[in-house]
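Here is the structure we will look at, set down as structure tokens.
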Amino acid sequence: MAISGIGSYGLNSLYSYQSSINSLRLTQALSNNPRLNQSYSSSSTSSVTSRKAAMNANVSFVKDYSSTMSDLMNAANELRSSNKNGAMSDLAITSSNSDVATASGKLLVKNDKEYELSVDQIAQAQVNASDGVKGSDYAKSAMNFTVGDGKNSVNVRVGTTKANGGSRTNTQMLQEAADQINKSKVGVKASVVHKDGVASLQLEGKETGEGKNFTVSGEQLGAAAGIDNVKTEASNAKYSVTVDGRTTEYESEKNNVSIGYYGVDVELKKAGEATLKAGVNSGNVASALGDLVDAYNSSLKFLNDNYDRGSGVGRQLRNMITGIGSEQSLKQLGITVNKDATLSFSKSTFEKNMQKDPSLTKSLVSGMGGIADRMFNKAGSAMNVSSRSLINGSGSDVFSGSSSGVSSSMSAATNPYSVLGMYSKSGAYNMSNYYAVGMMMNYLI
């Protein structure tokens with residue numbers, strides 16, 4: 001069980017959990033002690049075995065209970081605003097219009113500036129396309145042309161007949177030409193485009209920006225007639241950025257650019273407007289919120305499955321399902337309450353609302369009284385209950401210091417379980433802890 005990083009509240013929970021485990025370990029040790037076992041002399045072997053089995057079951061249950069609540073506590077802590085290493089402190093750059101531009105990267109230092117981005121045109125690579133021919137028709141002439149990018153070139157040669165003597169169709173001719181170009185070192189990508197039975201050869205430069213041109217030359221183009229005509233010119237991206245009322249124009253050979261924020265990449269997608277600003281990483285928050293819902297559902301199932309073990313389990317189950325948040329608040333977070341009180345989470349709904357109203361959504365997650373705080377407090381409360389109340393309905397009497405088979409010397413005043421229970425409630429430095437340790441040593445030695 002990992003509780004590091006939870007803070008003082010989680011530390012108290014650690015004391016409580018450790019106290020419970022110490023009590024249960026003492027129970028196991030005492031079950032093998034001759035002095036204690038004398039009080040069971042009148043009991044049958046099967047009765048003793050049954051008691052030991054019950055003790056082991058209780059040990060396992062309390063461990064599982066603590067582990068389940070700790071998982072919920074940690075999941076909630078990941079989203080609390082006080083956790084400087086949590087998802088809500090993971091700052092990133094967001095774009096108001098992902099169709100125009102997207103941003104990626106993480107801020108090491110908080111920056112509240114907003115950058116207004118205006119994209120006039122994106123950087124493009126040169127594109128050539130042939131006129132198009134009926135793909136299923138047999139080719140009427142061979143191909144013999146050259147494609148060059150200024151550094152490298154490839155001579156494309158394709159005959160109308162295949163190696164076995166059969167005739168090639170126009171589609172086969174174009175595909176063979178594309179294969180020869182793609183296998184070369186020339187900076188061009190070739191593909192065959194089909195539409196309504198018509199096939200054409202398309203060439204696209206591998207790099208964007210002005211000057212990243214290629215040429216097609218040759219008199220025998222065959223099925224690729226028109227491939228020497230430029231469809232799209234290679235061009236630079238042109239955009240402007242406005243910050244603090246000041247606008248600066250930029251030009252770039254590539255669409256991946258840097259705008260203002262150190263360590264952040266912005267990819268230009270198309271002409272338009274977008275606002276770039278620092279905020280939480282909605283993807284990470286959505287993932288953490290999904291983990292919190294899973295941890296909550298797991299704890300709810302655990303409590304429900306063990307409802308009859310003790311009154312403490314029932315109280316925690318009732319506490320767990322009440323006061324999670326209003327229906328409207330949960331809806332804003334993409335969370336719905338199912339008929340069995342478990343929760344369902346829609347990541348897409350959350351991210352949509354996060355983009356639409358980030359301030360409100362963030363407050364509902366990690367603000368004071370938000371779902372993270374509520375879940376954290378519920379888990380913390382569950383971690384602080386006494387182990388006795390968790391199993392007082394399971395038939396185990398060793399935690400109460402009474403009942404059949406236990407000698408009168410094991411009274412509530414001298415029962416080490418009772419004293420350790422006081423330790424759990426009163427804190428690590430309560431004087432009764434020293435009495436508990438002394439009594440434990442007396443029984444074990």
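Matching residues to (1) without any contact (Cβ under 8 Å) to a residue 60 or more places away in the chain; (2) within 21 Å of the chain's Cα centre (by Cα):
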{"residue": "S299", "(1), (2)": "no, yes"}
{"residue": "Q316", "(1), (2)": "no, no"}
{"residue": "T336", "(1), (2)": "yes, yes"}
{"residue": "S348", "(1), (2)": "yes, yes"}
{"residue": "S359", "(1), (2)": "yes, yes"}
Might you let me know whether the stretch 79-89 holds any residue that is hydroxyl-bearing (S, T, Y), out of contact with any helix residue (DSSP H, G or I) (no Cβ under 7 Å at 6 or more places or on another chain) and at pLDDT below 80? yes
Only one of (1) open to solvent by 50 Å² or more (accessible area, probe 1.4 Å); (2) farther than 29 Å from P358 by Cβ; (3) free of Cβ contacts under 8 Å to residues at least 24 places away in the same chain; (4) among the small types (G, A, S) does not apply to S217, and that is (3)
Any idea which residue in the stretch 129-140 is surrounded by the fewest Cβ atoms within 10 Å (Cβ to Cβ), counting only those that are touching a residue at least 60 places away in the same chain (Cβ under 8 Å) and not in a loop (DSSP other than H, G, I, E, B)? K134
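For every residue, the table says whether it meets (1) under 30 Å from N58 (Cα atoms); (2) modelled with pLDDT under 80; (3) touching a helix residue (DSSP H, G or I) at 6+ places or on another chain (Cβ under 9 Å).
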site	(1), (2), (3)
K352	no, no, no
S359	no, no, no
K362	no, no, yes
S366	no, no, yes
M375	yes, no, yes
S387	yes, yes, yes
S396	yes, yes, yes
A412	yes, yes, yes
Only one of (1) in a helix (DSSP H, G or I); (2) buried (at least 17 other Cβ atoms within 10 Å of the Cβ) fails for G325. Which number is that? (1)
Quick one: which of S70, S81 is closer than 20 Å to I324 by Cβ and open to solvent by 40 Å² or more (accessible area, probe 1.4 Å)? S81
State yes or no: is K352 open to solvent by 60 Å² or more (accessible area, probe 1.4 Å), assigned to a helix (DSSP H, G or I), over 24 Å from N74 (Cβ atoms) and not aromatic (F, W, Y)? yes
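Condition check ((1) at pLDDT below 95; (2) farther than 30 Å from S346 by Cβ) across all residues:
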{"site": "F214", "(1), (2)": "no, yes"}
{"site": "A223", "(1), (2)": "no, yes"}
{"site": "G245", "(1), (2)": "yes, yes"}
{"site": "Y262", "(1), (2)": "yes, yes"}
{"site": "S326", "(1), (2)": "yes, no"}
Given the condition outside any helix (DSSP H, G or I) and either within 22 Å of the chain's Cα centre (by Cα) or not basic (K, R) (or both), answer yes or no: does some residue in the stretch 54-73 qualify? no
Which ones in the stretch 302-322 are in a loop (DSSP other than H, G, I, E, B) and closer than 25 Å to S363 by Cβ? T322
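Can you name the residue in the stretch 224-267 that is assigned to a strand (DSSP E or B) and of a type in the set (A, V, I, L, M) and, of all such residues, is surrounded by the most Cβ atoms within 10 Å (Cβ to Cβ)?
If we take residues in the stretch 224-267 being assigned to a strand (DSSP E or B) and of a type in the set (A, V, I, L, M), then V266 is surrounded by the most Cβ atoms within 10 Å (Cβ to Cβ).
If I ask for residues that are among the β-branched types (V, I, T) and under 22 Å from P358 (Cβ atoms), which ones from the stretch 228-278 would you list?
V241, T242, V243, I259, V264, V266, T275
For (1) farther than 30 Å from G166 by Cα; (2) modelled with pLDDT under 95; (3) open to solvent by 40 Å² or more (accessible area, probe 1.4 Å), each residue gets a yes or a no:
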residue: S95; (1), (2), (3): yes, yes, no
residue: A101; (1), (2), (3): yes, no, no
residue: K106; (1), (2), (3): yes, yes, yes
residue: K110; (1), (2), (3): yes, yes, yes
residue: Y115; (1), (2), (3): yes, yes, no
residue: V119; (1), (2), (3): yes, no, no
residue: V127; (1), (2), (3): yes, no, no
residue: A142; (1), (2), (3): no, no, no
residue: F145; (1), (2), (3): no, no, no
Here the residues within the stretch 268-287 that are charged (D, E, K, R) and either crowded, with 16+ Cβ neighbours inside 10 Å or outside any strand (DSSP E or B) (or both) are K269, K270, K277
Of the numbered conditions (1) open to solvent by 20 Å² or more (accessible area, probe 1.4 Å); (2) under 44 Å from the mean Cα position of the chain (by Cα); (3) modelled with pLDDT under 95, S191 fails exactly one; give the number of that condition. (3)
Long-range neighbours under 8 Å by Cβ, at least six apart or interchain, first residue over 17 Å from F376 (Cα atoms) within the stretch 280-294, second aromatic (F, W, Y): S282/F350; A286/F350
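The values are calculated or read from the model by the stated rules, or taken from the named source; none is laboratory data. The shown structure was predicted, so the numbers you read here are calculated from the model rather than taken from an experiment. Every residue, glycine among them, receives a Cβ derived from its backbone with ideal geometry; neighbour counts consider all protein chains shown. These area figures cover heavy atoms from the full protein model, side chains too; ligands, DNA and RNA do not enter into them. Shrake-Rupley method; radii C 1.70, N 1.55, O 1.52, S 1.80 Å.
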